[in-house]
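Below: one structure, written as structure tokens.
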Amino acid sequence: MITFIKNGEVYTPYPLGRTSVLLIHDKIAKIGELDEKALASLGLDYNVVDADGAVVVPGFIDPHVHITGGGGEGGFATRTPEIQLSDLIHSGITTVVGLLGTDGTTRHMTSLLAKSRGLEEEGITTYIYTGNYAVPTPTITGSVKDDVILIDKVIGAAEIAISDSRSGQPSLHELAKLVGESRVGGLLSQKAGVTHFHTGPGKEYLSLLHQLLDRYEIPPANLYATHITRSKALLDDAIKLANRGSYVDMTADSDTGEWLTYYKEQGGDMNHLTISSDGNGSLPKFDEQGKMVGFGVASTRTLYEQVTNAVKNGELTLEEILPLVTSNTADVLKLSDKGRIIENYAADIVVLDKQSLDVEHVFAKGCHMLKDKEIIVKGTFEN
């Protein structure tokens, strides 16, 4: 499987200029000027993508997707469905991290692992977190540390809930033990070992995470907080946390561009910020008494839409926003060959129209998944 992408403006995610990229099997083999005639003379089958008028960027990494579905806060009928491969590919997502949410009873870690393996068989790269909102949190082996060490797909713990009525209301020491287990598991298996925290609307904001850094020997980079744009006060606290060396994640929504502008203007560390979709997760709305008054379902498409809208609206440049869905995410999750267009890295590539930023082509591990805006590789049970 050889693909020659020519004449595109390459972002690594930083601008490299107009050049070519050669993909061989699942790796980026060469970046730079290439002799197409010499390639043709080898007598090998290869595919040519003329990216003239387009930008060539790394495949997006979505670090927060409910691949087996989520929800249930409004009863059994509100349990959201599993993700489909095409949902991810249409959004330019070539690497996804699956997780559980509120429900750790009817949603199981083993099902999450099986779904991630299924998506990988269908063509993309997948990882998962062990755990859910609760503390103690559900695992596969009985231990967060052992899950990270022994199960190839498990890269950390999540979605541990804080500042939320739906959390397990953990003590600071319980959180410290969980974070410590995830970190040690990561050290022993050369994985990220991060703990990814769901942040609810409570007024404690991220105070528990600040206390973890103040009172325990926990490296800041092992804390990774999401849903940080529920309020300006919460985002201010997230900026403080990021500037201490932890990572923070915005959940893409209709106001993402404005939140990004605020984060940047307030001096937030842009290298420690990511954006995720919360794909197929539930979006319940509660009143002040804790009664659910509304319900929705998050879409992975929102990630792509908000990234491109921020560029179109002039809130961030393409060079500024791409790392938030590529290289920054690879860094916090320690995905050593993802998130960048570099020789010998994974051949995960998205080609966007330069003017409209429409997704024209998607390559995942070198396989052409979307061609000329049309899905050509679908999931097993998709029509």
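Computed as a quarter of the hull surface, the mean projected area of the alpha carbon convex hull for the stretch 87-153 stands at 4.8 nm². Residues of the stretch 23-53 with an amide N closer than 19 Å to a point placed 7 Å from the Cα of Ile376 along the Cα-to-Cβ direction: 23-29, 40, 44-53. Could you sort out which of Lys153/Lys334; Lys312/Lys354; Lys153/Lys371; Lys30/Lys371; Lys312/Lys365; Lys145/Lys338 sit more than 18 Å apart by Cα distance in this structure? Pairs exceeding the cut-off: Lys153/Lys371; Lys30/Lys371; Lys312/Lys365; Lys145/Lys338.
Look at where the Cα atoms of the stretch 214-277 and of the stretch 62-130 average out, and the two centres are 23 Å apart.
Computed extension length for Lys203-Asp152: 14.7 nm, one decimal, from 0.36 nm per residue of separation with the Cα-Cα distance subtracted.
Taking all pairs of distinct Cα atoms, average 1/r, flip it, and tell me the Kirkwood hydrodynamic radius of the stretch 25-104 in Å to one decimal place.
Working: mean 1/r = 0.0602 Å⁻¹.
One over the average 1/r among Cα pairs gives 16.6 Å for the stretch 25-104.
The spacing between the stretch 144-213 and the stretch 351-382, judged by their C-alpha centroids, is 34 Å.
Report the FRET efficiency, 1/(1 + (r/R0)^6), for Thr78 and Ser254, where r is their Cβ-Cβ distance and R0 is 30 Å, rounded to 0.05. The calculated FRET efficiency here is 0.85. The distance between label points at Asp26 and Glu265 comes to 4.5 nm (points 7 Å beyond Cα on the Cα→Cβ vector). Would you list Leu324, Leu370 from fewest to most Cβ contacts within 10 Å? Ordered by Cβ neighbours within 10 Å, fewest first: Leu370, Leu324. Note on Gln190/Glu36: beta-carbon distance plugged into 1/(1 + (r/R0)^6) with R0 of 35 Å gives a FRET efficiency of 0.35.
Suppose R0 equals 22 Å; then what is the FRET efficiency for Glu320 and Ser231 from their Cβ-Cβ distance, rounded to the nearest 0.05? My answer for the efficiency is 0.40. The angle separating the long axis of helix 232-242 from the principal Cα axis of greatest extent in the chain is about 70 degrees. For Lys291, the lysines whose Cα falls under 22 Å of its own Cα, not counting residues fewer than eight places away in the same chain, are Lys203. When the inverse distances between all different Cα atoms of the chain are averaged and flipped, the Kirkwood radius reads 21.0 angstrom. Highest average first, the peptides 56-64, 128-136, 142-150 ordered by how many other beta carbon atoms sit within 10 Å of their residues are 56-64, 128-136, 142-150.
Read the figures in this text as sums done on the coordinates, not as results from a lab. None of the values given here were measured: they were computed from a predicted structure. In this analysis, Cβ positions are derived from the backbone assuming ideal geometry, glycine residues included, and neighbour counts consider all displayed protein chains.
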